Structure formats: structure tokens, C-alpha cells
Amino acid sequence: MNPLYDRLFGVHAGKDTPFLHLASGDSMTHAAFLRMAARFAHVLSNAGLVPGDRLAAQVEKSPEALALYAACVQAGVVFLPLNTAYTRDELAYFIENSGAKLVVGDPAKADDLRPMVEGLDAQLMTLAADGTGSFTEAAADKPDSFDTAGREEDDLAAFLYTSGTTGRSKGAMLTQANLLSNAETLVDCWRFTADDVLLHALPIFHTHGLFVATNVMLVAGGSMIFLPKFDLDVVIANLPRATSMMGVPTFYTRLLNDDRFTRDLTQGMRLFTSGSAPLLAETHVRFEERTGHRILERYGMTETNMNTSNPYDGDRRAGTVGLPLPGVELKVCDPETGAELPRGEVGVIEVRGPNVFKGYWQMPDKTAAELREDGFFITGDLGVQGEDGYVTIVGRNKDLIISGGYNIYPKEIEQVLDDQPGVLETAVIGVPHPDFGETVVAVVVPQEGTAPDAGQLAAACTDSLARFKHPRRFEIVGALPRNTMGKVQKNILRDTYKGLFSN
Ligand code: MCA
Ligand code: AMP
């Protein structure tokens, strides 16, 4: 028994129905996809991986990249997908921390990665966006079927790393049951069926594109228009073939800024969902005016998958993230005492349910700090729940920037900038941005008598931080505002610089 494999993949064995429609016009059936995944599972097992071992994948989105996920589930290997923008330094931490035995990376980066990967006692294989590489070469002569590894619902299926407000990233351990329960709930709530065609333009290295979008479509038995990335022209060209799309708010603002995006173009669609970052109520309203569709906004986290959703039938309320999903308990608590607050009061959102992860890999202290013994997870999001149950997120009790749906932890950038010559201290903040929702600004205090150069500071980020984390602006100031306790008042900085990118 391997509940996740059986329910997501095994049920489609032998089905000649389409699973992936590619931008090239080709498509791949469920059966062909499963045969490829089985060949890949043999490669994992030949490489010495046994159930419970970790595989780290930093690969471009492709059918092969998705089959790598399926192969891990079939072989019982814990899948650790990584953002393709991560630098070698960032990658080294994930490989070392997770103890990954096998790393699958882009052939173009192999020479750069190999010494680091091998130095960490891992093997490196390659997989390119076009499906070529040493991994697929090794799979070519393997059998089309694989004896699925036995796994229990409580066994680990994936590690997804999430940054922390202090220190390094934490590996969120997700079990088979976490993933399966959430996918099944969402299929029901959002009415997905085998007739659905999901326009999939999200990356597949995060919860949204991999677990929300892909797992839901696998459970439903539908198909996906599987695009390498969100390219506006390609998305517009493909919308008439789709019945649904899941996106981050940037997808929707980009579509609305294009005149080709009309009511006619979306007439075959039955559902647009949004999440990963706040969708402005204004975007929701403009979207409905343009297309007649009300975007269904939901709220989740890497550690919990999805927690709340606006209803499929009923009021999809702009500016809210809807109601707790079936099986998910949600309460709003006092940030200081943890005591539950009455409806209508703002506090920290806590959630409990089969969706909530098992803890952070080898970080018992961090797990204990965020996951209560009674099973409630402290999200760090500030919200309020109305008398009618609708939840509104009003802010964050954590120092986090969300840019185009990617999470960025200021501390990580501050640590890089503080190490630069001539820098006394820095404060990194998020400010409103018309395309990305929020973007990164670094406020820098130079050491006396020096004048750090923005170009040098930017160059320092290039080596150690993924491009999406780089500050889009460096503001040089004499001192940072502090409260009486000496803590930097980022709210004042956010207010000062809030207009930097406004239209
Ligand atoms: C790309 N760039 C970015 C971002 N993406 N910078 C800041 N924030 C970003 N999100 C950089 C590129 O490196 C490039 O740098 C420049 O911005 C312009 O690139 P562009 O071509 O415009 O970007 P894009 O390729 O169109 O990507 C934008 C995007 C993409 C479509 C919004 O970032 C995206 O697909 N985001 C989705 C993220 C996601 O799936 N999040 C889910 C996390 P240069 O200046 O060098 O040109 S899961 C989650 O949060 C929870 C669980 C949940 O609830 O879902
Ligand atoms: P991640 O750590 O990538 O899983 O990001 C999770 C965070 O994204 C949550 O803690 C929220 O702060 C934010 N988030 C996700 N969905 C929404 C939403 N619909 N509205 C506001 N914030 C959201």
C-alpha cells in the first residue's frame, strides 16, 4: 500500500486519456506519463535510494520534471523541489541540511554544482527543460513498470523549505496524509472532475503549483495545459482551451492590463482561483467587471497546504480568504498569550487539521515554537474572523515580504548587506509594487565617512541570493528609526517608502 501513489497516480494506470497538453501542441496520456515515472523510479532505486531517502530537484518545469515527483512517490523517496532561481550557495544549504542522496539539476549548471554536491556526499544527475540529461539517459532502457514501495499515510512524502525570520530555512516535513487529505478536500470544494482542463502556468517547486494545482488535477483525473511559465501571450492563446486556472495575484493583474483579456476569451472557463499572496479587492472587482467571473481566493502555507477558501457556490467575498476548509479548525489568538480571541478581533491565525505538517526537519526547537502540542500551528498571519466565519488577513506577525507569490525573508538579505564594506547596518522592507504586489527595498546606513555604492551592494547579492530576493532599490540614510527598546521600526520605513513604485 502507498496511499499517495495509489490515489494520485495508480488509479490512472492504463488510461489513454490526456494528462498533459504541452505548449508545442503535443500531449501525453496518463498511461504514458506513468510509464515514464516508473522508468524514473528504477533510476532512483539503481542509484541506491531507498524509501525515506531524500532527492533534491532543481529543474525547469517539464513533463519529465513532474514525472520525477511521481517517481519519488512510487519509490517512497522524499521529494524536495527547489526554486530554479536559487544560487549554488543557497542550494548547498538545502542539500546539506536535508541529507539528500541524489540531486537532479540543470545540465547547464552541472559543472558549477558537481564539486559542491559531491563534497556533500550526494550524487548529481541532470535533467534539462527539454527532457534531456543524464537522468533521462539512465532511464531509457528501464522497464515501464515498477513495484510501488509500501508507505503509510504518516510517512514523509515531501520536504519543502521555508525561510525563517531568524536564521536559516526550515524543511517542512509533509506526510502522504497531509497532501492527500488536502487535495481530496479541494477537489470536492472546487468541484474538479475528469472533464476539467487546468491552465497550469505556476512553477512546480512550491505548494501552489505542485500540491494545489497538480495533486488536485490528479485526484480529479482531469488534464492540464502544462506551460513552462506564466507568459502572457501563451496564457491568452491557451485560455479558450481551459476550464480553470490557478494563479498568484500577479497573473490576474497582468491579464487585466492586457486588452486581449476579454469576457469572450474566458467564456469557457468555470473557475479562477488565487492565492499565495493577497489579492487586492480592487483586482477582484475589476476582474468581475471585465469577465463576469468572481475569482475564488483561498489561503494556505507551505506547512499546512490550504486552510481556507471562499465558497464555490455562495458569496466569494473580495478581500477575504473565505471559510475554513472542511476538516480544518481555525482560531484567532492573542499574539502574546496565545489565548483564543472572540470573533471580530484581530490576532494571529492558528490552524489544526490533517493538512498540518509533521514539523521542521531536525529542528525540534523551531517545531516546538510554531507547532503547539495540541496540534495547532501558529501561522504568523494576522487575521480576523467575522461572525459568519469569513476570514480576512490583515497583516503579518512575521517579517516577510511576498513578491509575485515568492516569499522573501528580510533577515537573509540584511545578513548579506551588513557584511559589505562601508555598511553599518541595514533594514530590508517590502513596499507596494504594481506588478509583484510587494517588492524589496534595502535601507542602508553607511559607516561614518563612507558611501557604499548601490552597484556594489547589488553585486554582493548576486553571488548568494536568488534574483527575486534582490533589492530593487537601495536607500542610503543617516540612521534607522528605532523604538525605545532599540528595535528598528520597519512600519515607519514602509510608510516612508511606500510610494517608490506607485504608478
Ligand atoms: C521573477 N522575478 C521576480 C519574481 N519572479 N522578482 C521578484 N518577485 C518575483 N516573484 C525577476 C526575474 O528574475 C527577472 O529579473 C524579473 O523579475 C522580471 O521577470 P519576469 O519575466 O517579469 O518574471 P516572470 O518570469 O514573469 O515571473 C513572475 C511571476 C513568477 C509569473 C509572478 O514569479 C511566478 O510564477 N510566481 C509564482 C510564485 C508561486 O508559485 N508561489 C507559490 C508559493 P531581471 O530583473 O533579472 O530581469 S506556495 C505559497 O505561497 C502558499 C503555500 C500558497 O498559499 O500558495
Ligand atoms: P509560504 O511560506 O510560501 O507557504 O507562504 C505562505 C504565506 O503566504 C502565508 O503565511 C500568508 O502570509 C501568504 N498567503 C497565502 N495565501 C494568501 C492569501 N490568499 N492572502 C494573503 N496572504 C496569503
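Summary table
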{"quantity": "Inter-residue pairs, beta-carbon under 7 Å, first over 24 Å from ASN97 (Cβ atoms) and in region 148-164, second among the hydroxyl-bearing types (Ser, Thr, Tyr) and away from ligand 1 (no atom under 15 Å from the Cβ), 6+ apart", "calculated": "THR148/TYR5; GLU153/THR175"}
{"quantity": "Subset of region 400-427 that is more than 16 Å from ligand 1 (Cβ to nearest atom) and part of a loop (DSSP other than H, G, I, E, B) - its residue that is surrounded by the most Cβ atoms within 10 Å (Cβ to Cβ)", "calculated": "GLN420"}
{"quantity": "Count - residues of region 294-314 that are crowded, with 17+ Cβ neighbours inside 10 Å and either more than 9 Å from ligand 2 (Cβ to nearest atom) or among the polar types (S, T, N, Q) (or both)", "calculated": "10"}
{"quantity": "Enumeration of residues in region 190-203 that are within 14 Å of ligand 2 (Cβ to nearest atom) and buried (at least 24 other Cβ atoms within 10 Å of the Cβ)", "calculated": "LEU202"}
{"quantity": "Qualifying positions in region 457-503 - within 23 Å of PHE436 (Cα to Cα) and assigned to a strand (DSSP E or B)", "calculated": "ARG473, PHE474, GLU475"}
{"quantity": "Selection status of GLY25, more than 25 Å from the chain's Cα centre (by Cα), at pLDDT below 95 and surrounded by fewer than 20 Cβ atoms within 10 Å (Cβ to Cβ)", "calculated": "yes"}
{"quantity": "Residues of region 244-265 satisfying the condition of being under 23 Å from ALA277 (Cα atoms), of a type in the set (Ser, Thr, Tyr) and more than 10 Å from ligand 1 (Cβ to nearest atom)", "calculated": "SER244, TYR252"}
{"quantity": "Any helices (runs of 4 or more DSSP H) falling wholly within region 204-293 and containing at least 2 residues that are within 16 Å of ligand 2 (Cβ to nearest atom), of a type outside the set (D, E, K, R) and in contact (Cβ under 8 Å) with a residue 12 or more places away in the chain", "calculated": "249-256, 281-291"}
{"quantity": "Answer residue from region 46-74, given it is in contact with an Asp or Glu (Cβ under 9 Å, 6 or more places away or on another chain) and among the small types (Gly, Ala, Ser) and is surrounded by the fewest Cβ atoms within 10 Å (Cβ to Cβ) among those", "calculated": "GLY52"}
{"quantity": "PHE192 vs. criteria within 11 Å of ligand 1 (Cβ to nearest atom), more than 16 Å from TYR299 (Cα to Cα) and assigned to a loop (DSSP other than H, G, I, E, B)", "calculated": "no"}
{"quantity": "Tally, over region 302-337, of residues that are among the acidic types (Asp, Glu) and within 15 Å of ligand 1 (Cβ to nearest atom)", "calculated": "1"}
{"quantity": "Region 307-327 - residue that is touching a Phe, Trp or Tyr at 6+ places or on another chain (Cβ under 7 Å) and either among the basic types (Lys, Arg) or in a strand (DSSP E or B) (or both) and, of those, farthest from VAL187 (Cα to Cα)", "calculated": "ARG317"}
{"quantity": "In region 375-397, residue nearest to SER309 (Cα to Cα) [restricted to those that are crowded, with 17+ Cβ neighbours inside 10 Å and of a type in the set (A, V, I, L, M, F, W, C)]", "calculated": "VAL391"}
{"quantity": "Residue that is farthest from ligand 2 (Cβ to nearest atom) [pool: residues in region 371-414 that are of a type in the set (Gly, Ala, Ser) and either out of contact with any Phe, Trp or Tyr (no Cβ under 7 Å at 6 or more places or on another chain) or closer than 15 Å to GLY300 by Cα (or both)]", "calculated": "GLY375"}
{"quantity": "Residues of region 416-471 satisfying the condition of being hydrophobic (A, V, I, L, M, F, W, C), free of Cβ contacts under 8 Å to residues at least 40 places away in the same chain and farther than 30 Å from TYR252 by Cα", "calculated": "VAL423, LEU424, VAL444, VAL445, ALA451, ALA454, ALA459"}
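The values are calculated or read from the model by the stated rules, or taken from the named source; none is laboratory data. Here the structure is a predicted model, which means the values were calculated and not measured. Ideal geometry is used to build each Cβ from the backbone, glycine not excepted, and the neighbour counts take in all protein chains shown.
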